[in-house]
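Quick notes on the structure that follows.
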Amino acid sequence: MQEIHAEKRKHVMGLRVKSVTRGSPFIRGGLKKGDEIIAVDGQRIDDTLDFAFYSSSYNFTLDILRGDTEMRLEVTRDDGSYAGVEFFENPINCCRNNCVFCFIDQMPKGLRSGLYIKDEDFKHSFLNGNYVTLTGAKQADLEKIVRIGLSPLYISVHATDDTTRKRMLGITRAPDIMEQLRYLSSNGISFHAQIVLCPTYNDGTILEKSINDLFSFGDALMSIAVVPVGLTKHRKMPLPPVTEKIARDVCEMIMLKSDAHCSVDKKRRLFCADEFFIKAGMRLPPAKYYEDYPQIENGVGLVRKLLTEWKTYKKEFVSRKIKPLKKKKRYLVISSLSASQFIQKIIDDAQKVRPDFCVDYTVVPLVNTFFGEMVTVAGLMTAKDVIATVKKELHRQTFYKVMLPAVMFGHKQRTLDGYSSERIAKIAGIPVVVVRTVEELFR
């Protein structure tokens, strides 16, 4: 351990140590809880990605602050040893855009505070697949992305036309996204792109230009998802919705472009969200269309994956032994308006191939009164709407259990309005089963 100086340091951005594992190379090097690591091998660090990158060698130094004293520690990592240090989280970089389509701005008050955080942190884009616009990224940030190899990133592009993009993001000054992507791609960084389609803003020729521009980055472009704008009843500024005609036009245009590029690239990289096909009343593409489902978190291929899962499980379902019951059980299955028709299709098929299956299902599409009837996806279902729907159905007939989609339970297994499945069951007065797979639907 070497003390560098005892001068009080101000405005130092580093990592504050939460705990050090006993027997780790860091505790042997003298690191303690409460220390603030400001550099590794002389390289300034601001976050855990910096730390992981610069501390990957077997021997390195740590410049730390302990109180008002700066010290240098020497660390020797044994072959196969783990890191053994945990840090307090630094604040994330938040979005300063004022997007016309921002879903967070359309949420009602009173939900848990974490739901109102507008994440614009490229570190979380790399680590968690969060989409960022890069409007707050300076050249130094882009250089850091390249230096430590944060690839792939997830970029909210929306439009490559600079004027249109600024209009959609509600800002007057921002770096040109094409220049940013050009710098990143030329330095080995690949990316997934997202386009939230807002009618009258970035559809038509603007959408075509954006797609063409993104494909100009060659192999650096990993995928593009075109998704419809989500509108709730709480939004203040009116915005045209995606109509059936708009959805059909978008699907047809995207399919043509996607097929054309796929025939050349031998791999599909341009996708429409499931909602577009459902809204347009069009048949969903086959499983092979979705490749390895690179945009499934964006609602691209969720329904097809569900149907494929049933197709796979169906063979086991047909051949499995079923214990006979004196009386059939009746389950109430609640899902979103978008998904319920496909769940009904799976259940109908199951009852057709196994008429001896001793369970009857009633599938009820949930009308989203919490966010508004235009919100039709399962991930935005709330407990209050579920409870109201269950009580309404229980007045009509008796059910053994209620089945709910797992996707409606997020942080700490709570719904957006803060309910656990146990709490829903207690208030509704009926057992609740959270369904994650098709198999669990028929367990």
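Yes or no, residue by residue, for (1) in contact with a helix residue (DSSP H, G or I) (Cβ under 7 Å, 6 or more places away or on another chain); (2) assigned to a helix (DSSP H, G or I):
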position: Glu297; (1), (2): no, yes
position: Val300; (1), (2): yes, no
position: Leu307; (1), (2): yes, yes
position: Ile322; (1), (2): no, no
position: Tyr331; (1), (2): no, no
position: Gln341; (1), (2): no, yes
position: Asp348; (1), (2): no, yes
position: Thr369; (1), (2): yes, no
position: Gly372; (1), (2): no, no
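Among (1) touching a residue at least 12 places away in the same chain (Cβ under 8 Å); (2) assigned to a helix (DSSP H, G or I), which single condition is Glu440 missing?
Tallying (1) touching a residue at least 12 places away in the same chain (Cβ under 8 Å); (2) assigned to a helix (DSSP H, G or I), Glu440 fails exactly one: (1).
Cβ-Cβ distance below 8 Å, separation of 6 or more or different chains: which pairs start in region 341-359 with a residue that is small (Gly, Ala, Ser) and end on one that is outside any helix (DSSP H, G or I)?
So the pair list comes out as Ala350/Phe357; Ala350/Phe442.
Against the condition crowded, with 16+ Cβ neighbours inside 10 Å and either outside any loop (DSSP other than H, G, I, E, B) or without any contact (Cβ under 8 Å) to a residue 60 or more places away in the chain (or both), how does Ser263 come out, does it pass?
On the way: crowded, with 16+ Cβ neighbours inside 10 Å: no; either outside any loop (DSSP other than H, G, I, E, B) or without any contact (Cβ under 8 Å) to a residue 60 or more places away in the chain (or both): yes.
So Ser263 does not fit the description; no.
Given the residues Phe342, Phe442, which is the only one that is among the hydrophobic types (A, V, I, L, M, F, W, C), modelled with pLDDT under 95, under 30 Å from the mean Cα position of the chain (by Cα) and surrounded by 15 or more Cβ atoms within 10 Å (Cβ to Cβ)? I'd like the intermediate steps shown before the answer.
Working: Phe342 fails: modelled with pLDDT under 95.
After ruling out the rest, the residue left standing is Phe442.
Anything in region 207-229 that is of a type in the set (Gly, Ala, Ser), farther than 25 Å from Lys279 by Cβ and not in a helix (DSSP H, G or I)? List them, or say none.
The one that is of a type in the set (Gly, Ala, Ser), farther than 25 Å from Lys279 by Cβ and not in a helix (DSSP H, G or I): Ser216.
Which is hydroxyl-bearing (Ser, Thr, Tyr), more than 28 Å from Asp50 (Cβ to Cβ), assigned to a loop (DSSP other than H, G, I, E, B) and not assigned by TED's automatic domain parsing to the domain that holds Lys384, of Thr164, Thr160?
Details: Thr164 fails: assigned to a loop (DSSP other than H, G, I, E, B).
None of the other options fit; the residue is Thr160.
Considering only residues of region 230-254 that are among the aliphatic types (A, V, I, L, M) and not in a helix (DSSP H, G or I), which is farthest from Glu297 (Cα to Cα)?
Of the residues in region 230-254, the ones among the aliphatic types (A, V, I, L, M) are 231, 237, 239, 242, 246-247, 250, 253-254.
When the remaining residues are screened for being not in a helix (DSSP H, G or I), the result is 231, 237, 239, 242.
Details: Leu231: 19, Met237: 27, Leu239: 24, Val242: 20 Å.
So, considering only residues that are among the aliphatic types (A, V, I, L, M) and not in a helix (DSSP H, G or I), the one farthest from Glu297 (Cα to Cα) is Met237.
So is Lys233 among the charged types (D, E, K, R) and in contact (Cβ under 8 Å) with a residue 60 or more places away in the chain or not?
Values: among the charged types (D, E, K, R): yes; in contact (Cβ under 8 Å) with a residue 60 or more places away in the chain: yes.
Criteria met by Lys233.
Does Phe101 satisfy being in contact with a Cys (Cβ under 7 Å, 6 or more places away or on another chain) and under 30 Å from Asp417 (Cα atoms)?
On the way: in contact with a Cys (Cβ under 7 Å, 6 or more places away or on another chain): yes; under 30 Å from Asp417 (Cα atoms): yes.
Criteria met by Phe101.
For the subset of region 350-367 comprising residues that are part of a strand (DSSP E or B) and not charged (D, E, K, R), which member is nearest to Val318 (Cα to Cα)? It would help to see each step written out before you state the result.
The initial filter retains those residues of region 350-367 that are part of a strand (DSSP E or B), namely 359-366.
If we keep only those that are not charged (D, E, K, R) too, we end up with 359, 361-366.
Details: Val359: 15, Tyr361: 18, Thr362: 21, Val363: 21, Val364: 25, Pro365: 27, Leu366: 30 Å.
Residue satisfying both the conditions and the ranking: Val359.
Of the conditions (1) basic (Lys, Arg); (2) in contact with a strand residue (DSSP E or B) (Cβ under 6 Å, 6 or more places away or on another chain); (3) not assigned by TED's automatic domain parsing to the domain that holds Leu207, Arg269 satisfies every one except a single condition; which number is it?
Looking at each condition in turn, Arg269 falls short on (3).
One line per residue, one yes/no per condition, for (1) more than 25 Å from Leu153 (Cα to Cα); (2) of a type in the set (Lys, Arg); (3) out of contact with any Leu (no Cβ under 8 Å at 6 or more places or on another chain):
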{"residue": "Leu221", "(1), (2), (3)": "no, no, no"}
{"residue": "Met253", "(1), (2), (3)": "yes, no, no"}
{"residue": "Ser258", "(1), (2), (3)": "no, no, no"}
{"residue": "Cys272", "(1), (2), (3)": "no, no, yes"}
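Only one of Val432, Val377 is outside the structural domain of Glu275 (by TED's automatic domain parsing) and under 19 Å from the mean Cα position of the chain (by Cα); which?
Numbers: Val432 fails: under 19 Å from the mean Cα position of the chain (by Cα).
Checking each option against the conditions leaves just Val377.
Output the number of the condition that Tyr116 fails; it satisfies all remaining conditions of (1) within 20 Å of Met237 (Cα to Cα); (2) touching a residue at least 40 places away in the same chain (Cβ under 8 Å).
The failed condition is (2).
Specify which of the listed residues (Ile104, Ile117, Ile145) is farther than 20 Å from Val229 by Cβ, in contact with a helix residue (DSSP H, G or I) (Cβ under 7 Å, 6 or more places away or on another chain) and aliphatic (A, V, I, L, M).
On the way: Ile104 fails: farther than 20 Å from Val229 by Cβ; Ile117 fails: in contact with a helix residue (DSSP H, G or I) (Cβ under 7 Å, 6 or more places away or on another chain).
None of the others qualify; the one that does is Ile145.
The values are calculated or read from the model by the stated rules, or taken from the named source; none is laboratory data. Since the model is a prediction, treat every value here as computed from it, not as a measurement. Because the Cβ atoms are built from the backbone with ideal geometry, glycine has one as well, and the counts that use them run over all protein chains shown.
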